[in-house]
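To start, the structure under review is shown below, and the notes come after it.
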Amino acid sequence: MLPVILGGIVLLLVIVVVVSRRRAGTGQSLDDRLNELAALGQSVTLEELELSQPFSQRVLIPMLEALSKMAQRFTPQHTIEASRHKLELAGLAHKIKPTQFLGYRMAAAIVLGMASLMIAFASALPVLQRLLAIIVAFVLGYMLPSVWLGSKISARQTSIVKALPDALDLLTICVEAGLGFDAAMSKVAEKWENELSLAFMHTVQEMQLGKLRREAMRNMANSMDVPDMTTFVAAIVQADTLGVSMAKVMRIQSDTMRIKRRQRAEEKAHQAPVKMMFPLVFFIFPTILIVLLGPAIIKIKNVGIFNS
């Protein structure tokens, strides 16, 4: 029974991961498909149209939505707001809603908990150890989506830090060439396709819709939580408020970002010997000792020194 249970666990986990990565809004809705078929002159019932959809759209996604509603009902508002902020930091706010993310956490906890429950009943462990394993599985399943989200946040922030100096250089050149700040941000957003360019484009769209520049810039800094970007936005907002030359402020910020990038590279270079020490001590040095001393030990043993 154990291989069957393990196979079922793996299958359930794969289904949960695949469904969680799908957008709830992807694909055509039933009304759109009915209108499309009606325009083509094809008569089809709503039941037939629902059955033609994939299993994930008919069963799994409604189950996850039900879990999301349940999570929203029993979760405090500050926890939902914290999840919304984390999704915004990860760049997933437009793909996953906070309640959906809480539903994914509950689904992962239920799947791992039920899997551990089946394994516990199939094993010969004491009752206390079985109960502990089930509790640990529930907690682990509930925490795994948060760990995944934290890794996405870290990767996005690292990408922004790497792209920021070059983006500021191009932004400074565009402003010094005579473009306005908004137009310069649009040029930078069109130049690259990364997290920073997407944030710039979103900020430009907010300003075009009527939001004040300082509010849009502050929202961009809050959606990244990167110290370098926060410093840059503070300088731009201050220059805009006091009427200081935007080109001079951006030139200073660009030079500062290049200095910080060089300092980070030097810091990583100084950390390299310390990081290399552990693989050297535990993996390379033992093999070198075996290669060098192994033949000598064999010769000494054959001569008989150890026997004497």
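No lab work stands behind these numbers, since they all come straight from the coordinates. This one's a predicted model, so the numbers in the text were calculated from it and none came from an experiment. Reconstructed Cβ throughout: ideal geometry from the backbone, glycine too, with neighbour counts over all protein chains shown.
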Just order 220-229, 75-84 by mean Cβ neighbour count inside 10 Å, highest at the front, would you?
220-229, 75-84
Which lysines, on any chain, are close to K268 with Cα under 17 Å apart, when same-chain ones fewer than 8 places away are left out?
K162, K260
For L289 and F74, what is the calculated FRET efficiency with R₀ set at 45 Å and r taken between the beta-carbons, to the nearest 0.05?
0.15
Once you wrap a convex hull around the alpha carbon atoms of the stretch 192-308, what is its projected area averaged over all directions, in nm²?
12.4 nm²
Which ³J(HN,Hα) values, rounded to whole Hz and listed in residue order, are derived for the stretch 209-216 from phi using the Karplus coefficients 6.51, -1.76 and 1.60 in 6.51 cos²θ - 1.76 cosθ + 1.60 with θ = phi - 60°, glycine and proline given as x?
7, x, 6, 5, 4, 5, 5, 5
For K69, the lysines lying under 20 Å Cα to Cα, once residues fewer than eight places off in the same chain are dropped, come out as K86, K95, K97
What shape does the stretch 159-261 take by its C-alpha gyration tensor, where a ≥ b ≥ c are the square roots of the eigenvalues and a/c under 1.5 counts as rounded, a/b above b/c as prolate, and the rest as oblate?
rounded
Treating only the Cβ atoms of Lys and Arg (+1) and Asp and Glu (-1) as charged, compute the dipole magnitude of the stretch 159-261 about its Cα centre; round to the nearest 20 debye.
220 debye
